[in-house]
Amino acid sequence: MIIDDIDFADLPVGKEEAFVEYVRRLKKQLGPLDRQDLEINWDQQHDCYSGEYEPRRLYVSSILAFLDEYDLDGGEIKDISGLPKVDFGVEYSAFSNSVNYIVTRYKLRSSRYCNGSAGTPILIEGSYKDEIGKHLDQIRKIINQEISDENKKDILFKKIASLQLEVDKSRTTIDAVFSRIYEISQGVNEYARDCEPLIKKISQLGDIFIKGSKRDDKLLETKRKKALPKPDDKSPDVNEEIPF
């Protein structure tokens, strides 16, 4: 099988980076075979392709295998490897474009992480969003009670509102969240340094976010059924018959 001729032992550790490199090596190996297949199976008399797109089907199954094994979200990618020739020929272009979209997104994301224009994406669980909202309301009440200067209040309230906007999003980043917590902390340190209840509430915010959020590397939700289930943690029974 052609896939055996591709070295995947030294792929990058990160799943996204590994996928980008995997696709590059896969295309390099299968590209010449695809061109050869098209040349051999081109019916000159009827001016049409007469083969079964075997290299392209291998490319499709190889991509799906990586997405499933690495538990990466494939967006709207569908398994077209078993379609009849005519349908496969039509659907393959869309499949290739979907793979290119994912590769491009991962490349752009990696670049943005490196130059500091993006942070690690996270999802905040719904129950914790409610807890954070209540926590911010308590902080507002303390500010309202302890700080008499209306301008200083407004500045802090705006910083809190900015954090609340991030919390309300379906998807945000660690950088966006903690930079806003930092801004609130700086404001409290400047305007209410001696207010212990307020300082305590601010310090608790970070802990709530850590408990209630998780990293999110997904692009779009996929409905494609995986070909193989995830391996379980059970050790094989040494007494079972070996099927060969």
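Some observations on this one:
- Using heavy atoms of the protein chains and a probe of 1.4 Å, the accessible area assigned to Y106 is about 10 Å².
- Residue (of I63, S96, I142) at the positive-pole extreme of the range 27-181, dipole from beta-carbon charges: I142
- In this structure the amide hydrogen of G75, modeled in the peptide plane, comes within under 5 Å of the amide hydrogens of L219, L220, T222, none closer than 5 places in sequence on its chain.
- Projected label distance in nm at V13 and D47, using a 7 Å step from Cα toward the beta-carbon: 5.6
- Surface calculation, 1.4 Å probe, protein heavy atoms: L72 sits at approximately 20 Å² accessible.
- Per residue accessible area in Å² of the range 163-211, where ligands, DNA and RNA are left out and the probe is 1.4 Å: 58
- Taking the protein heavy atoms of the range 17-169 in the context of the full set of protein chains, the accessible area attributed to carbon and sulfur is 48 percent at 1.4 Å.
- Residues of the range 160-191 with an amide N closer than 13 Å to a point placed 7 Å from the Cα of R140 along the Cα-to-Cβ direction: 160-165.
The values are calculated or read from the model by the stated rules, or taken from the named source; none is laboratory data. A quick note: this is a predicted structure, and the numbers were derived from the prediction, not measured. Note that we place each Cβ from the backbone using ideal geometry, even for glycine, and neighbour counts take in every protein chain shown. These area figures cover heavy atoms from the full protein model, side chains too; ligands, DNA and RNA do not enter into them. Shrake-Rupley method; radii C 1.70, N 1.55, O 1.52, S 1.80 Å.
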